[in-house]
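The values are calculated or read from the model by the stated rules, or taken from the named source; none is laboratory data. What you see is a predicted model; the values in this text were computed from it and never measured. So basically every Cβ, Gly included, is an ideal-geometry build from the backbone, and we count neighbours across all protein chains shown.
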Amino acid sequence: MSAEDRQRTALVCVPFAGAGPSFFHPWRALAAGRWRVVPVELPGREKRLLETPYRNAVEAAENSVDDIVADLGEGTRAVLFGHSLGAVLAYELVHLLSARGVHVERLVVSGSPGPWTQRERRATGLPDEEFLARVEEFAGFRHEALDHPEMRELILPVLQADCEMHENYVPSTDEPVSVPICSIRGSSDGLATAEQAQEWRKATTGEFSCAEFPGDHMYLVDHAREVLDVIEAECARGR
């Protein structure tokens, strides 16, 4: 990747359910010299804590695209990365950004079945404790902040809205994107089997590739550097 390419390419990172842009702040140092990391900021968390979270993924993407275009700046190319809920949001954003004239180089989806596959076991609508137990089962871990009443009061509504947004997701179009897609998963991820991760092949008319790391649904917590290395290799292959 040339110095000019590095200056003009941004890695747009779309958060998973319950997460905010700060999850990707450590990626900035890891990505230095490769891309400018641009985390997507959704309502209901961090700087936008007091805003009502979205419950519809298509609406969330449509209402986020202006801010993303502004953050990218004119002439910037983009690589999109999204994990779980972030994967389907990123897929919607590729359609929207391409329509706005942004050159999207590649979509990297993580921990996600293809966009037309809805989750069979759901958490949406369950009472709070059952909901948290189901999410913990899905993700393979429990966020320690949920054990503190004040933090739980802040986090739970966003997590519930995000799960509803994800579990009710229906793509805005049946048209595949034209950008290459790379699908990544943890080897023991029960939410995205190897076969389901391959479903993204049908979501693009461009190249498709896949990669796997040791770990469960949240493998990327321990493998951020390696994920970025895969993204870099994928991008280099496309040039």
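Residues in the stretch 55-63: is at least one closer than 24 Å to Leu154 by Cα, modelled with pLDDT of 95 or more and polar (S, T, N, Q)? Yes - at least one qualifying residue is present in the stretch 55-63.
Being at pLDDT 85 or above, at negative phi, out of contact with any helix residue (DSSP H, G or I) (no Cβ under 7 Å at 6 or more places or on another chain) and not in a helix (DSSP H, G or I) is a property that Glu175 has.
Screening Gly186 with (1) of a type outside the set (Ser, Thr, Tyr); (2) more than 19 Å from Val135 (Cβ to Cβ); (3) at pLDDT 95 or above gives one miss only, at (2). Among the residues of the stretch 177-214, those that are more than 14 Å from Ser112 (Cα to Cα) and touching a Lys or Arg at 6+ places or on another chain (Cβ under 7 Å) comprise Val179, Pro180, Phe208.
Of the residues making up the stretch 203-222, those that are part of a loop (DSSP other than H, G, I, E, B), free of Cβ contacts under 8 Å to residues at least 40 places away in the same chain and farther than 25 Å from Val179 by Cα are Pro214, Gly215, Asp222. For the stretch 227-239, a residue qualifies if it is surrounded by fewer than 16 Cβ atoms within 10 Å (Cβ to Cβ) and either among the acidic types (Asp, Glu) or at pLDDT 90 or above (or both), and the qualifying residues are Asp229, Ala233.
Can Val230 be described as among the β-branched types (Val, Ile, Thr) and either under 21 Å from Ala123 (Cβ atoms) or in a loop (DSSP other than H, G, I, E, B) (or both)? No: the conditions fail for Val230. Take the residues in the stretch 147-167 that are surrounded by 14 or more Cβ atoms within 10 Å (Cβ to Cβ) and of a type in the set (D, E, K, R), then tell me which one is farthest from Glu92 (Cα to Cα). Restricting to residues being surrounded by 14 or more Cβ atoms within 10 Å (Cβ to Cβ) and of a type in the set (D, E, K, R), the top hit is Arg152. For the stretch 30-43, the tally of residues that are farther than 13 Å from Ile68 by Cβ and out of contact with any strand residue (DSSP E or B) (no Cβ under 9 Å at 6 or more places or on another chain) stands at 3. Within the stretch 72-121, being assigned to a loop (DSSP other than H, G, I, E, B), of a type in the set (Gly, Ala, Ser) and either touching a helix residue (DSSP H, G or I) at 6+ places or on another chain (Cβ under 6 Å) or without any contact (Cβ under 8 Å) to a residue 24 or more places away in the chain (or both) holds for Gly73, Gly101, Ser112, Gly114. Of all the residues in the stretch 168-182, those that are farther than 14 Å from Val58 by Cβ and buried (at least 16 other Cβ atoms within 10 Å of the Cβ) number 6.
Counting only residues that are among the β-branched types (Val, Ile, Thr), over 16 Å from the mean Cα position of the chain (by Cα) and surrounded by 13 or more Cβ atoms within 10 Å (Cβ to Cβ), which one in the stretch 50-79 is nearest to His95 (Cα to Cα)? Here the answer is Val69.
Given the condition assigned to a loop (DSSP other than H, G, I, E, B), more than 22 Å from Thr173 (Cα to Cα), under 16 Å from the mean Cα position of the chain (by Cα) and among the basic types (Lys, Arg), answer yes or no: does some residue in the stretch 22-35 qualify? Scanning the stretch 22-35, I find no residue that is assigned to a loop (DSSP other than H, G, I, E, B), more than 22 Å from Thr173 (Cα to Cα), under 16 Å from the mean Cα position of the chain (by Cα) and among the basic types (Lys, Arg), so the answer is no.
In the stretch 184-214, the residue that is surrounded by the fewest Cβ atoms within 10 Å (Cβ to Cβ) out of those that are of a type in the set (Gly, Ala, Ser) and touching a His at 6+ places or on another chain (Cβ under 8 Å) is Gly190.
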